[in-house]
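Only the coordinates and a few stated rules stand behind these numbers; no lab work does. Worth saying up front: this structure is predicted, and the values here are computed from it rather than measured. Don't worry about glycine lacking a Cβ; one is built from the backbone with ideal geometry, like all the others, and counts go over all protein chains shown.
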Amino acid sequence: MPLTLKEENDSEFSKYIEPGLFGSVGITFKMMFREEWRQNIDFAKKRHVLLFPALLALFSMLITLGFPFLVGEGVPDSINPVKENRAFSWDEMKQALHVLLFMGSLGLGTFAFIGRVMVSQRAGGLNYLLAAPALQPLKLSVTYFSYYLKEVTFYILLILIPVVIGMAIAVFSTTQTGLFPIKPASLFVTFIGMILTLSQGLAISFLGSAVWTRGGYFSKLVPLIAFLSALVFALGYLPFESLIIGLKWQYTHDLTWIPLGFIASVSLALLGSFLVSDDFEHQIIERDELFLPVHKRLGFLDWGPIGWLTLGIIKSGKKNTKLRLLVTKEIVELIRSGTVKKMIVSYSIPLAVLLLMAWAVDFAEAPIPVNLLSYAPFLGFFGFNYYSWLTAIDSPAHYDGLPVSVPEVIRAKVTVYFLSTTWISIIFLVLMAWNLDAWWTLPGAFIVMIANSIYIVSLTAFLMGLRPNKAIFDASIMVWFWVGTVIPLLLLFVLSFTQGDTALIQNWAETIRAEGVNANSTGPLDVSVETRAGFGAIFAISAGITLLGAGLLRLIDFKWGKENFES
Amino acid sequence: MRHINSEEPLVITEDLSKMFGDFIALHPLNVKVFAGEFFGVFGPNGAGKSTFIRLLTGQLQSSMGNAEVLGIDVKKMPQRLKANIGIVPESESPPSYLTPYEYLYFIGRLRRLDDLQNKVLHWLDWFGMNDKKDTMCKDLSKGQRQKIMLACAFIHEPRLLFLDEPFANLDPIYQRKCRTWLLDHVAKGGTIFMCSHVLEVAERLCTRLAIIDHGKVLVSGKISDIKEADSETLEDVFIRLVGQSDNEEE
């Protein structure tokens, strides 16, 4: 007998009872999943979205085939003669997989922030089911819990299953050799472990964002807890498996961790769902005038590229007032929406953890000579995340009726990115230089950091326009993005090892100090040819990617010039 | 026509008010809307009409006072209330990435409606949306999206409907069709609470109305009662009252 929520009533009109959690989660989940799929298809062509898992599978297969070389098992002794020389142990490989997945899930799971934007924009151009409780007999907690379930399912289908398929192809194609160190049964263990890690990471992040959106002390407490937790695990005070249940399961193979992991994740997500604050309450808040003061301070944006390069000494005759106006609007929105706090926290936490790790770890004992120049490229890499936040503050659809083009708004967002992150990166590098006592490499690190920031954000903006969160799942864009970022990043990282002792720059500085204006670069230097060559290569790559970044910013007109804001 | 118990108040507010920070959006209001009424709230832009409807439908929490709708405490049981009423908001659209058919189906499933398939098809047909039933809502025109929002409010044929500028984006044919349906609904014992600034709607539909400005009720009653002279039109009344209210505010 179908369960009906209609109450018996003798009048012409029925009386209804609101649906409960279990009565509405199913249909909400189903429709949300459809909504998510359509959103992705809407941005990228269907074949591009389907190509993404195919590429992941391929990538995972190649990595899996490379495992024997990384762990020194299943390869002939001539290739890896001394087991002690192997790069990683199995446990380290497992830890790397789960920690990376967990960190990724934390980044993807801030549903309360995403939801707040969706709900607040429901009267705008786009509306989502997450905002349905405004009008329908649906609890906010139900929609958020359904949203969590939908995200877990979506990422399992889009990411985890392709990864496992790739691993399976590698494992089964080499079974007949009898040498391959991964057994088919491990695939199941890894798959379950990854699902546990993904759902737990998403749930923790969701809960954190839900608590944060309650405002007041909570918005200070959440980043503090996040920072301290990151520190405790990064410094090794607690092992990662004490937090990541998927990793614990992968280490122990104890079946009790499976139900425990799922129960923990679902409980955290449910708690997060109930803690999300009701954002349907419209607030009319009067604010002090911000637009004009910000606009006034951004006068330097009118200088033009030559003016910026000469620090305003030679200013452009033609004033670029539109950029200044658009940047002002973006900054005001960034501040008023409260996003700036979230962005700065999410940008600073990994940097602070890196800094403290550098402080705690004695690099002299590390097998690879990590130094200040090794960190600099990664600062730019964080730019992708930050740029994504910038594009999610408000719908740009209203620009469609104004004499503003998509490339102009993209460039304004890129400018805001530089204005709001450069100071954090500079502080980080200065602290790191102090930490590592590597003042001599600081100017070089600045150059590398700035070059990488320009390049990676320009590449992101060029490839993904105003919708990076969706574009990253378009396989063709993803391939270009990864090729474009990983190659220079790896080159710079590897080349930085040649500068471990910073002798080259230190010697140059010593020479200048001793000989003044008569200093000659061929002075009494005691550095290897490799160090010199590495130093030159680092700056050649930095110069190259800066030029490439500037070129990509120009090419934005060609790629995005004909697009409208709604699409 | 069924017997209408016009003595039965379906909407009761006691000193219901709303503040946004220091701004008083709605001064304490005491309103009763009875079964079988077509009650209209009229006022200029920013008068507090939408805030009023949002308070009564559980979309906003009041700052002070109480509201009871269909015997349900709005503050305590907003979901129960939403299950029993239909709401047409002023500016919201259906979810962009669902089709009209899917969204109506979703709404119907949430409300556990019987014979859902036929009901969905009936309302799509009623609004002339059969050929758009599989188009994503984001690709519909504003008027078509408004039709879907109206269909969502009508599909469970609730006793009480809250409509905020329901005809704003509709063409004249569907405006008339909707007006006729709403009048029929009232004739069958249904009740309608509508906000608008289109006075023509008031004269055609409302059995009783209130004019509000700056969050205060300036006048309420039957149209004939609020006119000072027979020759005075509703527009004259509106301009006279709102003009006075503006002067007082200044």
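Let a ≥ b ≥ c be the square roots of the eigenvalues of the Cα gyration tensor of region B:91-165; is it rounded (a/c under 1.5), or, if not, prolate (a/b larger than b/c) or oblate?
Values: a/c = 1.60, a/b = 1.18, b/c = 1.36.
Verdict is oblate for region B:91-165.
For a quick check: with amide H placed at 1.01 Å from N, whose amide H comes under 5 Å from B:L29's, ignoring anything fewer than 5 positions away on the same chain?
Distant-sequence amide H within range of B:L29: B:D15, B:L16, B:S17.
Mean separation of Cα pairs under 8 Å and 6+ residues apart, divided by the residue count of chain B: what relative contact order is that in percent?
26 percent
Using the number of other C-beta atoms within 10 angstrom as an exposure proxy, rank A:L459, A:L354, A:L238 with the fewest first.
Working: A:L459 23, A:L354 16, A:L238 11.
By the 10 Å Cβ count, ascending, the order reads A:L238, A:L354, A:L459.
How far, in degrees from 0 to 90, does helix B:116-126 lean away from the longest principal axis of the Cα atoms of chain B, to the nearest 10?
It is inclined by approximately 60 degrees.
In region B:1-62, which GluC sites (Glu not before Pro) fall in coil by DSSP and have 11 or fewer other Cβ atoms within 10 Å?
Passing sites in region B:1-62 are B:E7.
With a 10 Å radius around each residue's Cβ, average the other Cβ atoms per peptide and rank A:558-564, A:479-485, highest first.
A:479-485, A:558-564
Once a ≥ b ≥ c are taken as the square roots of the eigenvalues of the Cα gyration tensor of region B:61-111, is the result rounded (a/c under 1.5), prolate (a/b larger than b/c) or oblate (a/b not larger than b/c)? Show your work: numbers first, answer last.
Details: a/c = 3.38, a/b = 1.96, b/c = 1.73.
Prolate.
For chain B, give the share of DSSP beta bridges that are antiparallel, in percent and rounded to the nearest 5; count only bridges with both residues there.
50 percent
Explain nothing, just compute: Karplus ³J(HN,Hα) = 6.51 cos²θ - 1.76 cosθ + 1.60, θ = phi - 60°, for every residue of region A:409-417 in order, whole Hz, x for Gly and Pro.
5, 4, 5, 5, 5, 4, 4, 4, 4
Where a ≥ b ≥ c are the square roots of the eigenvalues of the C-alpha gyration tensor, would you call region A:396-443 rounded, which needs a/c under 1.5, or, failing that, prolate if a/b is larger than b/c, or oblate?
Details: a/c = 7.73, a/b = 4.59, b/c = 1.69.
Prolate, since a/c reaches 1.5 and a/b exceeds b/c.
Skipping prolines and chain starts, which residues have an amide H placed within reach, meaning under 5 Å, of the one on B:C195, given they are 5 or more residues away or on another chain?
Those qualifying (amide H under 5 Å, at least 5 residues apart or on another chain) are B:V41, B:L163, B:D164, B:E165.
Among A:S141, A:S458, what is the fewest-to-most ranking by other Cβ atoms within 10 Å?
Ascending number of Cβ neighbours within 10 Å: A:S141, A:S458.
Partner chain Cβ atoms within 10 Å, averaged over the residues of B:9-19 - can you pull that number for me?
Mean shielding by partner chains, rounded to a whole number: 0.
Starting from the amide H of B:F20, placed 1.01 Å from N in the peptide plane, find each other amide H under 5 Å away whose residue is 5 or more places distant or on another chain.
Here the answer is B:A25, since their amide H atoms fall under 5 Å of that of B:F20.
Compare the Cα positions of B:G243, B:F39, B:N130 along the charge dipole of chain B (+1 at Cβ of Lys, Arg; -1 at Cβ of Asp, Glu; about the Cα centre) and return the one farthest towards the positive end.
B:N130
Could you work out the helix-only [θ] at 222 nm for chain B, with each DSSP H run of four or more residues adding -39,500 (n - 2.57) and the total divided by the number of residues, to the nearest 500 deg cm²/dmol?
Rounded to the nearest 500, it is -11000 deg cm²/dmol.
How big is the charge dipole of chain B about its Cα centre, in debye rounded to the nearest 20, if each Lys and Arg gets +1 on its Cβ and each Asp and Glu gets -1 on its Cβ?
Values: 30 positive and 35 negative charges, 241 e Å.
Result for chain B is approximately 1160 debye, rounded to the nearest 20.
Rounded to the nearest 20 Debye, what is the dipole magnitude of region A:146-293 about its Cα centre when Lys and Arg each give +1 and Asp and Glu each give -1 at the C-beta?
In debye, rounded to 20, region A:146-293 gives about 600.
Taking every residue in A:16-22, how many Cβ atoms of other protein chains lie within 10 Å of its Cβ, on average?
Mean shielding count: 5.
Compare the peptides A:152-160, B:144-152, A:464-472 by average per-residue count of other Cβ atoms within 10 angstrom and give them in order, highest first.
B:144-152, A:464-472, A:152-160
Please list, in order along region A:135-152, the HN-Hα scalar couplings obtained from phi with the Karplus expression 6.51 cos²θ - 1.76 cosθ + 1.60 (θ = phi - 60°), rounded to whole Hz, x for Gly and Pro.
10, 9, x, 10, 7, 4, 4, 5, 5, 5, 5, 4, 4, 4, 4, 4, 5, 4
Just to be sure I understand: with springs between alpha-carbon atoms less than 10 Å apart, which residue in B:D171, B:D230, B:D115 has the highest mean-square fluctuation in the Gaussian network model of chain B?
Ranking B:D171, B:D230, B:D115 by mean-square fluctuation puts B:D230 first.
Taking every residue in B:91-103, how many Cβ atoms of other protein chains lie within 10 Å of its Cβ, on average?
6
Once phi is turned into θ = phi - 60°, what whole-Hz ³J(HN,Hα) does the Karplus curve with 6.51, -1.76 and 1.60 give for every residue of region A:292-299, x standing for Gly and Pro?
Rounded to whole hertz, the list is 5, x, 5, 4, 4, 6, 9, x.
Which lysines have a Cα less than 23 Å from the Cα of A:K413, not counting those fewer than 8 places away in the same chain?
A:K296, A:K315, A:K318, A:K319, A:K322, A:K329, A:K341, A:K342, A:K470, A:K559, A:K562
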